[in-house]
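This report refers to the structure that appears directly beneath it.
The values are calculated or read from the model by the stated rules, or taken from the named source; none is laboratory data. All figures in this text were calculated on a predicted structure; none of them were measured in a lab. Using ideal geometry, Cβ is built from the backbone for each residue, glycine included, and neighbour counts are taken over all protein chains shown.
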Amino acid sequence: MTSLRAKLKNCDGCNKPRPIWKNFGGKKFCKACWGCHSENTSAKKPIAKQTKIPPKSSKREKLDRLYSILRKIFLGDHPMCEAALPGCTQVSTDVHHMEGRSGARYLDTTTWLAVCRTCHNWIETHPLESKELGFSRNRL
């Protein structure tokens, strides 16, 4: 009866005839030598360099540039706060999007309201009262 034994070959680490455990880069290593060798070399796959995801898509950047231009024109045409709530500073500094900013509404000036920062904060924190006063609308 024959027993199954690994063929002995010269290990490139210890240069002794041993069963080969790993073939790496054309070099053959026994189990003991591979344990020492694998810690000292970059036998593991290198970690791929991760690319940074841009905060905005190129399409959104183009929309933002156009929005900035439209916003300046809109605030120039509407210099006074259109909400005039208690504590109002009277000078419009913000654009409130009455129907939200998603999709085509982002650049639709018919749904914009020129407001001061104080009034804009109040409108955003009191959505039900804002709808009753006509400062906000439901999105359709």
Exercise for review: Could you grab the pairs with beta carbons closer than 9 Å, sequence gap of 6+ or different chains, first residue in segment 49-77 and within 16 Å of His97 (Cα to Cα) and of a type outside the set (Lys, Arg), second one modelled with pLDDT under 95 and exposed (fewer than 11 other Cβ atoms within 10 Å of the Cβ)?
Suggested key: Asp64/Lys56
Check your understanding: Among (1) in contact with a helix residue (DSSP H, G or I) (Cβ under 8 Å, 6 or more places away or on another chain); (2) under 17 Å from Arg71 (Cβ atoms), which single condition is Arg117 missing?
Key -> (1)
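Rundown of residues vs (1) more than 30 Å from Asp12 (Cα to Cα); (2) assigned by TED's automatic domain parsing to the domain that holds Ile20; (3) part of a strand (DSSP E or B), yes/no style:
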{"site": "Cys36", "(1), (2), (3)": "no, yes, no"}
{"site": "Gln50", "(1), (2), (3)": "yes, no, no"}
{"site": "Leu66", "(1), (2), (3)": "yes, no, no"}
{"site": "Phe74", "(1), (2), (3)": "yes, no, no"}
{"site": "Leu85", "(1), (2), (3)": "yes, no, no"}
{"site": "Thr110", "(1), (2), (3)": "yes, no, no"}
{"site": "Ala114", "(1), (2), (3)": "yes, no, yes"}
{"site": "Ile123", "(1), (2), (3)": "yes, no, no"}
{"site": "Leu128", "(1), (2), (3)": "yes, no, no"}
Review point. So how many residues does segment 95-104 have that are surrounded by fewer than 18 Cβ atoms within 10 Å (Cβ to Cβ) and touching a residue at least 24 places away in the same chain (Cβ under 8 Å)?
Key: 3
Revision key, fill the gap. Asp108 meets each of (1) surrounded by 12 or more Cβ atoms within 10 Å (Cβ to Cβ); (2) more than 32 Å from the chain's Cα centre (by Cα); (3) among the acidic types (Asp, Glu) with one exception, condition (2)
